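Step one of this worksheet: look at the structure below.
The values are calculated or read from the model by the stated rules, or taken from the named source; none is laboratory data. Just so we're clear, the structure is a prediction, and the values are computed from it rather than from any experiment. Note: ideal-geometry Cβ built from the backbone for every residue, glycine included; neighbour counts use all protein chains shown. These area figures cover heavy atoms from the full protein model, side chains too; ligands, DNA and RNA do not enter into them. Shrake-Rupley method; radii C 1.70, N 1.55, O 1.52, S 1.80 Å.
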Amino acid sequence: MKEEGDGPDQSKTYLLAASENAESSLRLFDREVIAKYSPELDLATPSLLFNC
């Protein structure tokens, strides 16, 4: 794990990366927070949202 942070509504987020210097990473958010702030998204399992 690279870092733990605070998301909207006091939720936790987690940034995962292979190393501290990795050029790619994955940030995990609580599904309920995503549903609240992006209700147009399909949150079927598994669900991934990519941002470039």
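Out of the residues in the stretch 5-20 that are within 15 Å of TYR37 (Cα to Cα) and surrounded by 13 or more Cβ atoms within 10 Å (Cβ to Cβ), which is farthest from the chain's Cα centre (by Cα)? Among those residues, the one meeting the criterion is SER11. Give the stretch 31-52 a look and list any residue that's open to solvent by 70 Å² or more (accessible area, probe 1.4 Å) and not in a helix (DSSP H, G or I), or say none. Within the stretch 31-52, PRO39, GLU40, ASP42, THR45, PRO46, LEU48, LEU49, PHE50, ASN51, CYS52 qualify.
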